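Taking it in order: structure first as structure tokens, then the write-up.
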Amino acid sequence: MATQTPFSDFDVTKLFNPTKLFQDIKFNGLNGFSGFDLEAVMAGQRRNIEAFTAASQAALEGLQTLAKRHAEMVRQSVDESNKAMKEMFAAGSPEEKAARQAELTKAAYERAVANTRELTQLVARSQNEAIDVLNKRVAEGLDEVKGFIAKTNGKARAA
């Protein structure tokens with residue numbers, strides 16, 4: 001015997017029927033707006049998708065650049081650390097070794113700050129490129145909406 005749940009005979013199409021919705025619109029008018037241009041709306045949506053794709057591509061390229069540069073920095077840091085360790089174990093008085101260690105520590109700190117600054121700038125540049133693509137599309141989309149409204153108002157006045 002199958003178990004019955006309160007939603008066993010629930011039919012979502014009774015709440016929302018997309019076929020009926022599109023039949024009601026009939027594409028000669030949408031809620032009193034004559035001249036509804038479905039092709040123009042679809043073209044706008046295609047441009048939206050293209051803009052999101054371009055923004056994603058810019059973000060991905062920025063991430064790849066960031067990862068590549070970060071790997072170079074890590075490799076350089078390891079090489080410099082190895083060199084510093086060899087210098088630290090070289091012959092010399094304890095005072096000379098302490099002075100050399102202070103110099104190496106200062107240089108390493110300055111490199112770390114410079115590397116962090118560079119990576120931060122790479123992230124900011126990448127984000128700005130992606131955002132610029134989206135901002136441009138939003139502005140174009142708003143212009144398209146204004147054009148649709150002007151076109152609709154022009155047809156309404158002519159009728």
Requested in this report: Compare the peptides 84-94, 110-120 by average per-residue count of other Cβ atoms within 10 angstrom and give them in order, highest first.
Outcome: 110-120, 84-94
**Report entry** Gain on full stretching of the segment that runs from ARG117 to LYS146 - 0.36 nm per residue minus C-alpha separation
**Finding:** 6.2 nm
Query raised in the report: Sorting ASP132, ASP143, ASP37 on the 10 Å Cβ count, fewest up front, what's the list?
Result: ASP143, ASP132, ASP37
Report summary line: Relative contact order of region 56-130 (C-alpha contacts under 8 Å, at least 6 apart) in percent is 73
Report task. With N denoting the number of residues in region 56-130, provide Rg(C-alpha) divided by 2.2 N^0.38 Å, to two decimal places. Result -> 1.52
Report summary line: When ARG100, ARG75 are ranked with the fewest other C-beta atoms within 10 Å first, the list becomes ARG75, ARG100
Report task. Report the FRET efficiency, 1/(1 + (r/R0)^6), for ILE49 and GLU80, where r is their Cβ-Cβ distance and R0 is 41 Å, rounded to 0.05. Result -> 0.30
Query - Spin-label model distance (nm) - LYS106 vs SER93, 7 Å beyond Cα toward Cβ - result: 1.9
Query - Computed lengthening from ASN128 to HIS70, 0.36 nm per intervening residue step minus Cα-Cα distance - result: 18.9 nm
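Laboratory data are not the source of any read-out in this text; all were calculated from the coordinates shown. All of these numbers come straight from a predicted model, not from anything done at the bench. Glycine gets a Cβ as well: all are built from the backbone with ideal geometry, and neighbour counts include every protein chain shown.
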